[in-house]
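Encoded as structure tokens, the structure appears first; notes follow it.
None of the figures in this text is laboratory data; all of them are computed from the coordinates on show. Values in this document were obtained by computation on a predicted structure and should not be read as measured data. All Cβ positions, glycine included, derive from the backbone under ideal geometry; neighbour counts span all protein chains shown.
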Ligand SMILES: Cc1cc2nc3c(=O)[nH]c(=O)nc-3n(C[C@H](O)[C@H](O)[C@H](O)COP(=O)(O)OP(=O)(O)OC[C@H]3O[C@@H](n4cnc5c(N)ncnc54)[C@H](O)[C@@H]3O)c2cc1C
Ligand code: FES
Ligand code: FES
């Protein structure tokens, strides 16, 4: 076997991914690669309409196709509804359709071609309803109602909703209206961001299988086996004990695979046919039906004193929810919580509306609303710097949150590496050379900066660490590794906590039957929340190991220490030691019982302190601990066409502690390029309710030639007191400041502030020709 | 499957299929008939690159290659990057470079990237960063930001004898 | 659906005469469309084994004949294309990405005639002709008469492209191809193909074709002719770009607006002409 370099394995080492060999040999199994004996293949019949009542189905022709095993329509599904915040979504359209592409019927057949052919033969009788394609249309007085039952839907938070408004949220501190009078400079503007596709290279899919007792096993492309279980059981009205969820390798999730996609469809088909059923969406179906980043319209106003002290901010946002609630209320609430940024702004009010439309649902996407508001707010910090003639970095440093300051709303901030991020980015980018950089003929180059914060979140997590008979270890957390590398860093933590090499720790694949609950791989939370449980569970194993040793050596537990290589010994007495093998053997066969350490917890620090802030309709009572970052981008503009390219970037991110620096860099680099796509080229174009570019040919994400090679990751480690080894998350924050940093560089290069993403050649050229000096 | 019989030469082995329909792509045959699931279907439109294999030494899209049109050609998939007869678990240098260079995240793009990289590495000279960037520009990766992949491939090209 | 793989041009032409027959060249477009259920020809005539279609030949007079099955990568690396003919290799090098360039062919690209494709403007600027063959025999059609409308060419049913013929470019001319796209390897928002010759400040050869700004590439031979013999300064370039812009008929699509195309293409032409003059003066 070609050995991989695994000389260093503990916390702080860039250990190669545990599954790297499996992936480079092509042996890693993803959902589409799975086959079960007797398996059927499914296909979806999708709605051609944006909004229509379903009057009836004719499936006779489809049923008659040789090889077809089962055709199901909305009539064949229970009346349950799922939804992370508002239970508004059936497993399949029932009674009416609410967006083009919505699944209306499903077919299972002996092969995929047959299933697709049959699905196309299903006839559905519709009565068209008026369409509300945009939030503006949906809040108009005569707008059609998209969810007649909204008032009665179950909601997990005190939602303020009505008509087509799914949720309204407001958060404020201080006296914003009065504060404008104290400002010497006020900037105000309207910002707009488009829908962005997650574009995991793996399209979604699922495979369900039923045993003789009618219990279902479900594999799917997912970010949480537990959310899959909850969603499917809600939609299909199954007891959770009747559904076991597992995961194959996941071809990346950026929020798109957190909540359900086709899982309920295959479960129902498997239940009806008694056979395994697999459904893999093609790329167009994936584009049109899974979910995408919310389009935001933001009005933002920020005021400061002459000396640069920020005084007041008001931000209002309107989000297109799409046809179903999904994670949207959370995205709205979270984006408002982030709207003050990492600064002291005593008077601040943020409010927003989430509006149902007849478009595909929008949902969680890396950053969870934060990149959109940060685009607006960090643009305005630069505008204020321009108006006051201050250096943008100095202005940010001057106003940054200080130790002891609370987050907007009142949350506790324990660690804050922002100042170090700003200083390190300043130094590495040689900011002092000036913002306009030398450029080749016909080009302009400039630097732009943005700072930001993000959370490492929240909710419930657990870990089980077991010592096997031979002293090796199995770690079981229920956290799905979606490619970001959590299995590796959790293993490193477990290995470090027990002082064993990482290859002595096996990581169990998530299983709702056997793993402790884990809300999901989302919100930059696994390293922080699950890591904490891993360390706590490993510590419990260590305690038991020491207790055995203390009984054997007849010494106090406090006199014992773990030693490298899986040994326990008496402090200061090198030859008094036992191997984990000896200890575990004793536990298994003689005394105490097998050694298992478990830990579970739920994040419970309140995000709102009612003494400081007023909050209405906020879905997050707790959100997590804070990370900080600062990014400087060097952008080149082609004067002929207006095309903007990023040529170099410095991304300084506070991760608390880099458990695996190579992985942290991977998140920073990947987050940057995905954010760059959002800033420059990616846009889901809608023609009314319909997506006009549901293909990779028409929707363009950056290639290796578009992404700059010079992405400098600067790791800042402001240890988080409660974090495992001091760590906090890095999954999302690297994307958050990207659009703002690029827009600020573009503004510096062309002298015009652009407030609408993406910064297409057309918009940049227009801005450049408009010319003028920035502000 | 309806259609004609065909024999494909994949990773050095002659592999017959009893019946292949005219519209069936090489990708489908590799995955569904031969169980070679290393090549992935990301788009089925030639854009993403996850299905890239080499035909007669050149990287191409297996999703755009009709299986019947691939008779008498030499097809290499990610499963064939390690020469036949190498010890179990052996890796080609480019596979090792990606694995050790933290250049593999979700891994869905990885087989296609490896095939494109492998074709690039058949050139003798060490590759510059820009040559690697151009050579891999037909393989989308949504996770990595490309930097570590490009570094790994450039490093593998320097290590060549 | 039926699949045939003839090994001669005559057999290919014969096979193409059936209703619903279509040539399969690189498959980069055709198979993608089949995968998306957009087309389903009754008979696929694979040109893979027609050896004669794969060659490129340089005749003694400098004419280059490129077989329809010549792949983009081969055309990009074609050393037989010289002087102004290099406009074609520059265009080929900017199509898509390496794996697609290993598949796609010049015949397939031109037959499909995507208005945003890279070959059509390059061939128009190179004064190329298409050698076509059908049941009734062979004929040649100049590039300007070949690309007729959105995805429409002069090909008759049952006819195929045998080769593309590039006349010799005058010695000392330069060919260049500039493409603006959203990301590397995407189809063009707008593109400019040109062949230019200058002699001591006077223009000796001028051909400028603009792609993706209408149903077919746009060229203004009338204005080019007026500019031959004179200098090529701002005013002259302006005359040409104004005339080209008059002939544009772009549409809004997901890549860009029609309005932007109208505005950016003349800027690209100007920049390309300035750069081409620089290249010429550097090679002197
Ligand atoms: C991801 C991707 C990106 C692309 N980017 C670009 C780009 O940037 N610029 C660009 O110009 N193109 C681009 N293309 C298109 C590419 O160049 C195709 O190769 C080309 O359009 C079709 O060539 P082909 O040989 O593959 O033809 P095929 O797909 O085999 O055939 C295309 C059509 O032409 C017909 N045909 C083929 N050969 C002949 C012939 N000799 N005579 C008559 N009819 C014939 C076929 O019947 C079919 O209708 C891209 C394609 C893909 C998949
Ligand atoms: S699946 Fe072939 S290129 Fe995407
Ligand atoms: S590693 Fe996930 S797409 Fe490349």
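Were the residues from residue A:22 through residue A:188 laid out at 0.36 nm apart, the gain over their Cα-Cα distance would be 54.5 nm.
The Cα atoms of the stretch A:391-532 cover 66, 42, 28 Å along the three principal axes, with the biggest extent listed first. If you fit an axis through the alpha-carbon atoms of helix B:147-158 and take the longest principal axis of the Cα set of chain B, what angle between them do you get, 0 to 90°, nearest 10? Helix B:147-158 sits at roughly 90 degrees to that axis.
Per-residue mean of foreign Cβ neighbours for C:254-263 is 4 (Cβ atoms of other chains, 10 Å radius). Result for chain C in a Gaussian network model with C-alpha springs under 10 Å: among C:86, C:267, C:129, the largest mean-square fluctuation is at C:267.
Cβ-Cβ distance of residue B:86 and residue B:9, R₀ of 30 Å, FRET efficiency by 1/(1 + (r/R0)^6): the value works out to about 0.95.
Among the residues of A:198-209, the average count of other protein chain beta-carbon atoms within 10 Å of the residue beta-carbon is 4. Highest GNM mean-square fluctuation among C:69, C:268, C:34, for chain C modelled with Cα contacts below 10 Å: C:34. Suppose R0 equals 41 Å. What FRET efficiency, 1/(1 + (r/R0)^6) with r the Cβ-Cβ distance, do residue A:692 and residue A:539 give to the nearest 0.05? According to the calculation, E is roughly 0.15. Cα axis of helix C:258-283 to longest principal axis of chain C: angle in degrees, 0 to 90, nearest 10? With both axes taken from Cα atoms, the answer is about 70 degrees. The mean number of partner chain beta-carbon atoms within 10 angstrom of a residue's beta-carbon across peptide A:668-674 is 5. Which one of C:249, C:37, C:118 has the biggest mean-square fluctuation once chain C is modelled by GNM with Cα springs under 10 Å? Fluctuation is largest for C:37. Counting every pair of alpha carbons in chain A, the share spaced more than 48 Å apart comes to 20 percent. Treating r as the C-beta distance of residue A:142 and residue C:249 and R0 as 35 Å, the FRET efficiency rounds to 0.35. Annotation for residue A:402 and residue A:769: the two label points, set 7 Å from Cα along the Cα-Cβ direction, are 5.0 nm apart. The label point for residue A:237 and the one for residue B:58, both projected 7 Å from the Cα toward the Cβ, are 6.0 nm apart. Stretched out straight at 0.36 nm per residue, the stretch from residue A:181 to residue A:598 would grow longer than its current Cα-Cα span by 144.5 nm. Averaging Cα coordinates gives a centre for the stretch B:98-161 and one for the stretch A:115-146; these two points are 45 Å apart.
Stretching residue A:79 away from residue A:590 to a fully extended chain increases their span by 178.5 nm, per 0.36 nm per residue minus the current alpha-carbon distance. Counting only DSSP H runs of at least 4 residues, each contributing -39500 (n - 2.57), and dividing by the residue count of chain A, the helix-based mean residue ellipticity at 222 nm comes to -7500 deg cm²/dmol. Report summary: the helix-based calculation at 222 nm, which adds -39500 (n - 2.57) for every DSSP H run with n ≥ 4 and divides by the residues of chain B, gives -7000 deg cm²/dmol.
Helices in chain C, meaning DSSP H runs of at least 4 residues, each add -39500 (n - 2.57). Divided by all residues, the mean residue ellipticity at 222 nm is -9500 deg cm²/dmol.
Among A:362, A:287, sorting on how many other beta-carbon atoms sit within 10 Å of each Cβ, with the fewest leading, yields A:287, A:362.
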